[in-house]
Amino acid sequence: MSKGKKQGKKTVAGKKTARRASGSVSKRPERVAQEARRPGKEGHGGGGAEAAGDPKKMELLAPAGNMAAFEAALSAGADAVYIGAPALNARALGRDFTLPEIGAMTDYAHGHGKKLYLAMNSLMKEEEVPQAVRLLAELAHLRPDALIVQDLGVYHLARRFFPELRLHASTLLGAHNSMAVGQFAEMGFSRVVLARELTLPEIETLCRRSPVEIEVFVHGALCFAYSGLCLFSSYLGGKSGLRGRCVQPCRRRYSWSAKEGGAGRGGGYLFSMNDLCGIDHLADLARVGVTSLKIEGRLRSASYVERVVRAYRLVLDGPPEDEKIRAEARHLLEGAMSRRTTAGYFGGLRTDDILAPAHSGNIGLFLGRIELTGKGRRAELVLRERLEVGDRLRLHQEKSGERFAFTLTELAVNGEERRQALAGERVSCPLPVDFEAGDLLYKVDAAARRELEGKSGLETGLRPVDNEILARIGKRAETVLRQMSVGAGPGKEPPVALAVESGKSFQKKGGQPRPGGPKGGQRQSAELWLCLDVLSLLKQKLAVEPDRIVVPLNRDTYRQFGAGRRYLEYWEKKLIWALPPVIHEGALRFYASAVHGLLRAGFYAWQLGHISQLGFFGGPRRPALYGGFTLNVLNSQSLAALAAHGLRGVQFALETDRASLESALAGYRAGLDGGRAGRRISVGLTVYGRPPLFTARLVDGHFRYNKPFVSPKGESFVLEKRDGLTVALGMKPFSLLDRANDLAAAGLDFLVIDLRSLRLKAESLEELLKQFGRAGRGPRLSSFNFDGALL
């Protein structure tokens, strides 16, 4: 081989690199793609040959928030029911079931040939780890048919200490492609609940390539954002949607504004979605190989659950294309008092019937708009639907977006007291809170049906839990906690408190300023990482030089890299290529090709946006892999799980508060000190940036991208298109730059300044970097949840 050819093999530059990086697929990604194309194993693969093509063999899975709804679901024809696990489920506003109740429902379901699943799918804070261990010990005793899991820490606990529990991957884990399904199968999940944003052809591909069961949502509420990638509710007050406390800001009315803080014009309920109804696509879902059809609604009434389940059972059991049965099913669904319905993404990516920008997105029958206000909070309106004393109503306040539910206690028609009124009549009634003319009123449940709520024959047959059983469960939980080095007892390391704005000066490390402080014998400083998607910012030498440069990998940055390889040469050893959290099936080939090309060009540091992206890196030389904040790490057990999967580091969850971060770091160190947490993983945190408050697949014509939209409370945000998706951002970044010294002292290994969507000039970047670690410098910005509380 000639000298020139040898040099070309060793180092690649300019356009040659771009051609090389995009022209082929590495052996490992190609093998992943080939394996993904293979049909699933017999009896699996989205239900396997046994269920494929036959709607009757698909499981009908219903929700239950109380025992009455549980019984209603089974009596109406559900094959399985899912309920919330006590305290750790993504519907935290619901009432928790007791251990005897879960036992009774498990026994009842199994006695009737049905199944019971528990949703333990909330993100877990460190303080909740002992509670989670106790709960897992209880569930291991009760033996439900499966646990639905989102948090990698809960997954880690279940797989390590309670292997008898069968696990399902929650939709909050974001399975958007066949690589994700394969990864979850490899991790031990027996079923994957797909993301709701997939089309029928995409679902078919995933089912065909899946080695495990596939579950899809077919009915109920739709979120505008991808599940697992929405921080909107958390950003507006700490109530995390990933912890089951979403205040549904996407259902509020927003106005478009020409500039931040300006008067709003136009707009509407920009992100309000109609409810999903897949009743016309059941045969399609059977044909592609779906195992289970899931109905959303653990907070819905028993009467709602009964009607919806009965409707789907009719169509599943009836002759295909029987219009009489379909008409009966639709009549049942219309009486369930849901929102307007849509076929969702089953019908493709069109938005004409998915979004409802002209409507508030409230559940129930619209009664009318309040016209007049009377004394004593008494409202007047002309009814659009029948109304009766005892009906359950919801008031929607137009200006604030707040909603209040209440039971109607009295009613008057033309000043005469009545028990009921008909559509078209003018009525007056008292409301429990202040209101204004123009506010909206909805009926969310009828008095006659509400009489059935809460009544359950199962309550007389609760499975007893005696002291011996409780002692056995408690002993197992205590043994696990001792093995983890957490919980009460000697040897537990107390949390390290973070000082507020201590103002410590920079320490020197290798000639560069670095924040730092005492860390109990550990390294004395945290690395500075800089995330950017405009590579031309790296043309100049920076006064404060980052330890790492994180570059999001997409078609645009890939092109920038090929065009600017010459001026990037200085930074190449510091580059970390970051994969996005959402890669749909059609984009896998590009990313596999790009990953392979960059690996061949010598780039061996990568950041994963999703745990399944481990599948890109299986060659003989394992790259240095890190996890982005979209992995939603909030506790020490998630850190241990990622360390066990070979990651070198991970960014902690963006929405964390101070206490959660402190206790998770302390808990993880305690596990390391006990020698039971495996290899150490470095931990970082984004300390500056405009985080994506939500990421959505819909790119709609009525959105005004790069123009502010304003909430009823005057909060301003902006929409951007990013990698073909819709992303919402705050108008201003959040900042923990002045806490850098304290964060390093508390044990963080690296701190990330995220410049995406900031469009900084070179001089502005220099000024920003100078603020790093210096208390009191720069403008006062939001700290997200850090100084508050993540609920």
Relative contact order (%) - criterion: Cα under 8 Å, at least six apart; region: the stretch 590-633: 42 percent
statement: Once both label points are put 7 Å beyond Cα along the C-beta direction, the residue 287-residue 573 separation in nm becomes 5.8 nm
- prompt: Over the stretch 561-702, what is the relative contact order in whole percent, taking alpha-carbon pairs under 8 Å and six or more residues apart?
  reply: 18 percent
Nearby aspartates and glutamates by direct alpha-carbon distance to residue 125 (threshold 14 angstrom, same-chain neighbours under 8 apart not counted): 151, 655, 657, 662
field: aspartates and glutamates whose Cα lies under 15 Å from that of residue 475, excluding same-chain neighbours fewer than 8 positions away
entry: 138, 466
task: Based on the mean of other Cβ atoms within 10 Å per residue, sort peptides 409-416, 685-692, 317-324 so the most packed one is first.
output: 685-692, 409-416, 317-324
query: Can you work out D for the stretch 52-120 in µm² s⁻¹ from Stokes-Einstein, where Rh is the Kirkwood radius over C-alpha pairs, the temperature is 20 °C and the viscosity is 1.002 mPa s?
result: 172 µm²/s
task: Decide, for the stretch 136-250, between rounded, prolate and oblate: order the square roots of the alpha carbon gyration tensor eigenvalues as a ≥ b ≥ c, take rounded if a/c falls under 1.5, and otherwise choose prolate if a/b is larger than b/c, else oblate.
output: oblate
query: Roughly how many nanometres apart are two label points built 7 Å out from the Cα toward the Cβ at residue 322 and residue 566?
result: 7.4 nm
- prompt: Which aspartates and glutamates, on any chain, are close to residue 721 with Cα under 15 Å apart, when same-chain ones fewer than 8 places away are left out?
  reply: 533, 556, 700
task: Taking amide H positions as placed in the peptide plane 1.01 Å from N, state which residues far from residue 231 in sequence (5 or more) or on other chains have amide H under 5 Å from it.
output: 694
message: Given an 8 Å cut-off on Cα distances and at least 6 residues of separation, report the relative contact order of the stretch 109-155 as a percent.
response: 57 percent
- line: Given 196-206, 756-766, the highest-first ranking by average Cβ count within 10 Å works out to 196-206, 756-766
field: Theoretical gain in end-to-end length, residue 556 to residue 56 [0.36 nm per residue, Cα-Cα removed]
entry: 175.3 nm
- request: Give, rounded to the nearest 20 debye, the magnitude of the charge dipole that the stretch 657-753 has about its Cα centre when Lys and Arg contribute +1 at Cβ and Asp and Glu contribute -1 at Cβ.
  value: 240 debye
statement: Along the stretch 205-213, Karplus-curve 3J(HN,Hα) (6.51, -1.76, 1.60; θ = phi - 60°) to the nearest Hz, with x for Gly and Pro, reads 4, 5, 5, 5, 9, 8, x, 10, 5
message: If packing is taken as the average number of other Cβ atoms within 10 Å across a peptide's residues, how do 557-563, 273-279, 169-175 rank, most packed first?
response: 169-175, 273-279, 557-563
- line: Taking a crude spin-label model, label points 7 Å out from Cα along the C-beta direction, the residue 352 to residue 190 distance in nm is 4.4 nm
task: Could you check how much of the accessible area of the stretch 128-246 is carbon and sulfur, as a whole percent, using a 1.4 Å probe?
output: 47 percent
query: Using a Förster distance of 30 Å, how high is the FRET efficiency between residue 407 and residue 107, based on the Cβ-Cβ distance and rounded to 0.05?
result: 0.35
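The values are calculated or read from the model by the stated rules, or taken from the named source; none is laboratory data. On a predicted model such as this, the values are computed, not experimentally measured, just so you know. Every residue, glycine as well, gets a Cβ built from its backbone with ideal geometry; the counts of neighbours run over all protein chains shown. Quick note on the areas: whole protein, heavy atoms, side chains included, nothing else; ligands and nucleic acids left out. Shrake-Rupley method; radii C 1.70, N 1.55, O 1.52, S 1.80 Å.
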